[in-house]
Amino acid sequence: FETTLQTLYQNESRVIILLQNSNEPRSTGGFLGSFLQLDFASDQTFSWQFRDIYSIDRNVPRSAQIFAPDWFEGLSTKISLRDANFSPDFPTSAAEIIRLMEAAGEKTPEILGAIDLNIVSEILRLTGPIPLEQWDLELNE
């Protein structure tokens, strides 16, 4: 783990964790509504932010979007970033997501992964509830 972390710092890498909404099914786990972006710096610091998928999706040129498969055309004639995880093969979907992020002018992530609500629920079962004091809420499984 330490070697991987050092490499991320040295390469000033970006890591993207897609947050898939499993209540709106897609082939790789759920709708891509948002994601966690981690940016590593060579001074051994990193920044993180949650981002809305539409903040990038609106910058994807129409010419970079692929035509939707026949079964998808009732929803859209083109596949853009928010629907780019339509292939059940995650590496295929990941390559398409990265391609569309690049087309929108985003830095290429070195690592792209995904989690869905089921995984978040499992994590919360292990950690216990997390208080969100700013909103007077508690995040639980």
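The values are calculated or read from the model by the stated rules, or taken from the named source; none is laboratory data. Computed from a predicted model, the values in this text were never measured in an experiment. Cβ: placed from backbone, ideal geometry, glycine included. Neighbour counts: every protein chain shown. Note: areas computed on protein heavy atoms with side chains; ligands, DNA, RNA excluded. Shrake-Rupley method; radii C 1.70, N 1.55, O 1.52, S 1.80 Å.
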Fill in the blank from the handout: Here the qualifying pairs (Cβ atoms under 6 Å; residues six or more apart or on different chains; first in region 39-58 and closer than 14 Å to I17 by Cβ; second surrounded by fewer than 13 Cβ atoms within 10 Å (Cβ to Cβ) and of a type in the set (G, A, S)) come out as D39/S47
Exercise for the section: Select from region 115-129 the residues that are under 18 Å from L36 (Cα atoms) and either of a type in the set (G, A, S) or more than 22 Å from the chain's Cα centre (by Cα) (or both) and list them in ascending order. Expected result: S121
Handout entry: Among the residues listed as D136, D39, the single one being at pLDDT 90 or above and over 30 Å from Q6 (Cβ atoms)
Key = D136
Problem - Residue selected from region 1-38 under the condition in contact (Cβ under 8 Å) with a residue 40 or more places away in the chain and over 18 Å from P109 (Cβ atoms), by the criterion least open to solvent (accessible area, probe 1.4 Å) - result: G30
Exercise for the section: Go through region 83-105 and give me each residue that's in contact with a helix residue (DSSP H, G or I) (Cβ under 7 Å, 6 or more places away or on another chain) and in a helix (DSSP H, G or I). Expected result: I97, L100, M101, A103
Practice task
Report yes if D43 is acidic (D, E) and either buried (at least 19 other Cβ atoms within 10 Å of the Cβ) or within 29 Å of I123 (Cβ to Cβ) (or both), otherwise no.
Solution key: no
